[in-house]
Protein chains: 2
Amino acid sequence: MRTDIELETEVMTLLKKHDLRLTQVRKEVLSVFLIKEQALSQSDIEENVGQIDRITLYRTLRSFEDNGLIHRAIDGTDKLRFALCVDLCEKENHKHNHAHFHCEKCTKTICLNGVEFPKIIHPAGFKVKETYYVMQGVCSKCQ
Amino acid sequence: MRTDIELETEVMTLLKKHDLRLTQVRKEVLSVFLIKEQALSQSDIEENVGQIDRITLYRTLRSFEDNGLIHRAIDGTDKLRFALCVDLCEKENHKHNHAHFHCEKCTKTICLNGVEFPKIIHPAGFKVKETYYVMQGVCSKCQ
DNA sequence: AACATTTTTGCAACATAGTTTCAAATACAA
DNA sequence: TTGTATTTGAAACTATGTTGCAAAAATGTT
């Protein structure tokens, strides 16, 4: 666990590191990501911060994404989710090599940072820039 | 290539095989999938059939999916796309083990049926039912 | 600490997509 | 060909994505 002060500090450091101004909205949203430790959709976040403007949240997520703070966690559902980048991600240059797992029971999506996926043979003539690996099923807690 | 008669026959056979009534809408929509040979979003289909009700199309796609005729082709974009099942798919039991490729230039998504992906180690305690492998980049035609 | 500049926020307004209900139309089987 | 079950299309509503703009807030500078 992490104290409130530690959380506050971590949030500030992360925002600064990614060239983002320290605003109230951003601090709150980033805190949710740090506490929850799972991929979050827009509505997930709305439920976890007190009273936030829908459009502002929408733009906050985009700016986090643009600045390499979060990435899209494709999980095979209709909902777009975002997850904290582990490290090394930069503007316009996200580097992710992990799978995402979506639990159909609790509907949570988590990054499986320990599960690297093997390089598969790319079809001839195709230039592959980004690869996603998604697993759906039941997570350990919901068995 | 396939003649109109052959297409008509194929459509009928496929619908019957999947316990779907032979309606005008279904025949048209399925024809588009057979002709296009790529993953299609709702709007892709609307552009390729003459005048179709939005809600009916929405329900048609769901019924096709439920009856194992098409599957969701997750391609990492915001748009939900569907692609024809290759074979063997049944209600509630889709079996897909191929990757999807989304071209950022022509925005087409295709199934890479020849590209099987290796089984990766699943995290302990997780029950994996479905796996998706998605690649984004530039396809051979758009190089 | 106050100001100027730039960014961010919140609102209005609009576009698109997902979903349910229900009556009319259609498909199919007896 | 008729009866039954399914499908369709319209209305209505909800949710989500997006832009423009003025007010508010954040940051750098005096």
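I need the full set of residues from the range A:9-19 which are within 8 Å of DNA strand D (Cβ to nearest atom) and more than 15 Å from the chain's Cα centre (by Cα), in order please.
Listed by number, the list holds a single entry, A:Lys16.
Among the residues of the range A:30-47, which ones are under 13 Å from the mean Cα position of the chain (by Cα), within 13 Å of DNA strand D (Cβ to nearest atom) and not hydrophobic (A, V, I, L, M, F, W, C)?
A:Ser41, A:Gln42, A:Asp44
So that you can scan it fast, the table gives a plain yes or no per residue for (1) among the charged types (D, E, K, R); (2) away from DNA strand C (no atom under 14 Å from the Cβ):
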| position | (1), (2) |
| --- | --- |
| A:Glu8 | yes, yes |
| A:Arg21 | yes, no |
| A:Val25 | no, no |
| A:Ser43 | no, no |
| A:Gly50 | no, no |
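I'm told A:Gly50 meets every condition in (1) within 16 Å of DNA strand D (Cβ to nearest atom); (2) modelled with pLDDT of 90 or more except one. Can you identify the failing condition by its number?
(2) is the only condition that A:Gly50 fails.
Kindly indicate whether A:Val25 is modelled with pLDDT of 95 or more, over 24 Å from B:Ile74 (Cα atoms) and within 11 Å of DNA strand D (Cβ to nearest atom).
Against the criterion (modelled with pLDDT of 95 or more, over 24 Å from B:Ile74 (Cα atoms) and within 11 Å of DNA strand D (Cβ to nearest atom)), A:Val25 qualifies.
May I ask you to list the residues in the range A:86-143 that are at pLDDT below 70 and more than 23 Å from B:Ala124 (Cβ to Cβ)?
A:Asp87, A:Leu88, A:Cys89, A:Glu90, A:Lys91, A:Glu92, A:Asn93, A:His94, A:Lys95, A:Lys119, A:Ile120, A:Ile121
Report every pair of residues separated by at least 6 positions or lying on different chains whose Cβ atoms are under 9 Å apart, first residue within the range B:43-57 and farther than 16 Å from B:Arg26 by Cβ, second charged (D, E, K, R) and open to solvent by 80 Å² or more (accessible area, probe 1.4 Å).
Going by the 9 Å Cβ cut-off, the qualifying pairs are B:Ser43/B:Lys79; B:Asp44/B:Lys36; B:Asp44/B:Lys79.
Looking only at the range A:132-143, filter to residues that are touching a Phe, Trp or Tyr at 6+ places or on another chain (Cβ under 8 Å) and open to solvent by 30 Å² or more (accessible area, probe 1.4 Å); which one of those is nearest to B:Val138 (Cα to Cα)?
A:Tyr132
The values are calculated or read from the model by the stated rules, or taken from the named source; none is laboratory data. Just so it is clear, the structure is predicted and the values come from calculations on it, not from any experiment. Neighbour counts run over all protein chains shown; Cβ positions are idealised from the backbone, glycine included. These accessible areas exclude ligands, DNA and RNA; they are computed on the full protein's heavy atoms, side chains included. Shrake-Rupley method; radii C 1.70, N 1.55, O 1.52, S 1.80 Å.
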